[in-house]
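Scroll down for the structure; my scribbles are underneath it.
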Amino acid sequence: MRKAEVVLAAVAKGVLAFIVVVVFVYAMGTIVQCLFVLAALKSAGAQIPLSVIPRVVWHDLTHQSFYAEGVLVGFGVALPTAALLCRFSKLSQSWVYPLAGATALAVMLHIFNSNFYGLTFFAGTRGWSGFLSQLAVGAVGGRLFAAVRAQWP
Amino acid sequence: MAVIAKTAPRLWLILVTLMGIVLSPTVSNAAVNYRVTTLLRGLDHPYAMVFLPDGDILVTEKRGTLQRLHNDVLSPVPVAGVEEILASASLFADGKYCGLLDIALHPRFQENQFIYLSLTAGSRAANAVRVIRARYVNDRLQEAVEVFTAFPTKDTANHPGGRLAFIKDGTLLITIGDGFDYREKAQDLHSMLGKIVRVKEDGQIPQDNPFMDEKGGRSAIWSYGHRHPQGILYDAQADTVYEHEHGPRGGDELNVIAAGKNYGWPLETYGVDYSGAYVSPFNEYRGTEQPLFQWTPSLAPSGITQCHGCQWPEWEGDLFISMLAGKRVVRVRVRQGAVTEREDLFEAVGERVRDVRFSPQGALYLILDDSRGRLLKVVPGAGISR
């Protein structure tokens, strides 16, 4: 009975950490995309008052369901895979989880683009800087997952 | 048994009638005054059509063929010479978006037999809209010359543009899309992406173009801030240029085009990105033109024509816009610079409509966008009053 409780607690901890990380990556990834889009718009000549930016960010946070699904599925595959790798090998969590997070976003973006006529589905990832920043967000998300799991009692 | 014997003939009649309705190539609408008939099946992604003065029809297919119909019947072979001309023009046809696009007759076609074709030239990695002019003699294209090629090239196949319209002074307007991934270029007067350009019939730049003082070929630009203009029409009676373009998710636009004006993309739009994110937080932006009308959600406008002396007197002067995603034609009435009436037509056809034109006799023709595309003819329905 005591062993079952321990297992259940570990699973609950993992699920909670997963939810926190997915929410974090979705929010950070969306905000970063939004800033890249606004920067491109500014480069095209738009004058965007600072007061408008919160409205744009809020709109994107509440309207990017495809991105949310992509992060959910991507991390749903990547993080358990990373956990298994760490459990059954001597690989370090400190880089396996970030790598898993970055890979999840890279694959997710690639799948969206491949199914979108080879074009860029998420406009904030059109350039290399936008794309790599998404990978960075994924890596931070993976690292956060490892940290949250380790910190929570 | 007596009941069965009595009702069987009636049931049979109903069954035969239903089968007739299902199998008939004609779609009639009793509520409105038109009858739609399929003239031709099996066109390979037809894109545009034009009527010759004798009533014959030329239809472009994206893969690079030009079909001719005489008395509404397809000629056994495509127009000759086209394959060679398009090969030398470096046709890039990807089977989806790029290939042979629009066709237009020179305003004095009966004198010079000049036909203008637009196409995407180059390769997937580097393509651009190109316009060629050729002489149409004895069902053959010959003496082709390049009139215009947009620059810079783009590495996306989407949003080529490529629609053509001659205006009052005999110059040619050519629409060029933004290439999808390069939307900010629509505001860049160093690039032709997202522009409408104006050239003379031989490709020279008219001296009165609005950006004539600019260097580097930008002098061809007539208007800018366009996304994916797939329809352009010159209304000679009102001396007005109409253009429509795809928005992203929402925000398809019908515009009245004037020289030197900025039509806003992507600074302002009524649509959002396909991901749901903002393209721009602005529906209106100072210094840019508002559309005459905008469609949200998108119907994907693909072609445009106008009724002048058509077979429906009640539609005189109205615009007819074909829709891909909307699978219909929308009739738009414009009076005093505003849309005063709209009507959805031919929804029963239920397929993507690629282009729409009136014949010299005033019948309406539609081409449907498919690998086995159809050509439809619409005439007033006999005995059906509107």
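Any read-out appearing in this document is the output of simple, stated calculations on the displayed coordinates, not a laboratory observation. If you're wondering where the values come from, they're calculated on a predicted model, not measured in any experiment. Here Cβ is always computed from backbone atoms with ideal geometry, including for glycine, and neighbour counts include all displayed protein chains.
Observations
- Considering B:Gly326, B:Gly303, the condition of being outside any strand (DSSP E or B), within 20 Å of the chain's Cα centre (by Cα) and farther than 30 Å from A:Phe36 by Cβ is satisfied by B:Gly326 alone.
- Considering residues of segment A:114-135 that are over 21 Å from A:Val22 (Cβ atoms) and within 10 Å of another protein chain (Cβ to nearest Cβ) only, the residue farthest from the chain's Cα centre (by Cα): A:Tyr117
- Of all residues in segment B:364-382, those satisfying the criterion of being under 17 Å from the mean Cα position of the chain (by Cα) and not β-branched (Val, Ile, Thr) are B:Leu364, B:Tyr365, B:Leu366, B:Leu368, B:Asp369, B:Asp370, B:Gly373, B:Arg374, B:Leu375, B:Leu376, B:Lys377.
- Pairs are defined by a Cβ separation below 6 Å, a sequence spacing of at least 6 or placement on different chains, a first member in segment B:98-121 that is farther than 17 Å from B:Asp169 by Cβ, and a second member that is of a type in the set (S, T, N, Q); the pairs so defined are B:Cys98/B:Thr120; B:Leu100/B:Thr60; B:Leu101/B:Ser118; B:Asp102/B:Ser118; B:Ile103/B:Thr60; B:Thr120/B:Asn127; B:Ala121/B:Ser90.
- The condition of being crowded, with 22+ Cβ neighbours inside 10 Å, of a type in the set (D, E, K, R), within 13 Å of another protein chain (Cβ to nearest Cβ) and touching a strand residue (DSSP E or B) at 6+ places or on another chain (Cβ under 7 Å) holds for B:Asp273.
- Only one entry in A:Val71, A:Val37 is buried (at least 17 other Cβ atoms within 10 Å of the Cβ), in contact with a Gly (Cβ under 6 Å, 6 or more places away or on another chain) and of a type in the set (Val, Ile, Thr), namely A:Val37.
- Residues considered: B:Phe180, B:Phe211, B:Phe166. Of these, the only one that is under 26 Å from B:Arg135 (Cβ atoms), among the aromatic types (Phe, Trp, Tyr), in contact (Cβ under 8 Å) with a residue 24 or more places away in the chain and out of contact with any Cys (no Cβ under 6 Å at 6 or more places or on another chain) is B:Phe166.
- Restricting attention to segment B:75-106, the residues that are within 24 Å of B:Ala125 (Cα to Cα) and part of a loop (DSSP other than H, G, I, E, B) total 10.
- Check on A:Ser65, over 30 Å from B:Thr288 (Cα atoms) and within 14 Å of another protein chain (Cβ to nearest Cβ): yes
- If the condition is being away from chain A (no Cβ under 11 Å) and not in a loop (DSSP other than H, G, I, E, B), then segment B:155-191 contributes B:Gly161, B:Gly162, B:Arg163, B:Leu164, B:Ala165, B:Phe166, B:Leu172, B:Leu173, B:Ile174, B:Thr175, B:Ile176.
- Summed over segment B:249-265, the residues that are free of Cβ contacts under 8 Å to residues at least 40 places away in the same chain and buried (at least 22 other Cβ atoms within 10 Å of the Cβ) give a count of 2.
- Tally, over segment B:276-301, of residues that are among the small types (Gly, Ala, Ser), away from every other protein chain (no Cβ under 14 Å) and touching a Phe, Trp or Tyr at 6+ places or on another chain (Cβ under 9 Å): 0
- Verdict on B:Asp355 being assigned to a strand (DSSP E or B), buried (at least 23 other Cβ atoms within 10 Å of the Cβ), under 19 Å from the mean Cα position of the chain (by Cα) and not aliphatic (A, V, I, L, M): yes
- Of residues in segment A:45-62 being in a helix (DSSP H, G or I), more than 7 Å from chain B (Cβ to nearest Cβ) and under 21 Å from the mean Cα position of the chain (by Cα), the one nearest to B:Ser275 (Cα to Cα): A:Leu61
- Candidates are the residues of segment B:278-292 that are of a type outside the set (S, T, N, Q) and over 22 Å from B:Tyr242 (Cβ atoms); the one that is surrounded by the most Cβ atoms within 10 Å (Cβ to Cβ) is B:Val279.
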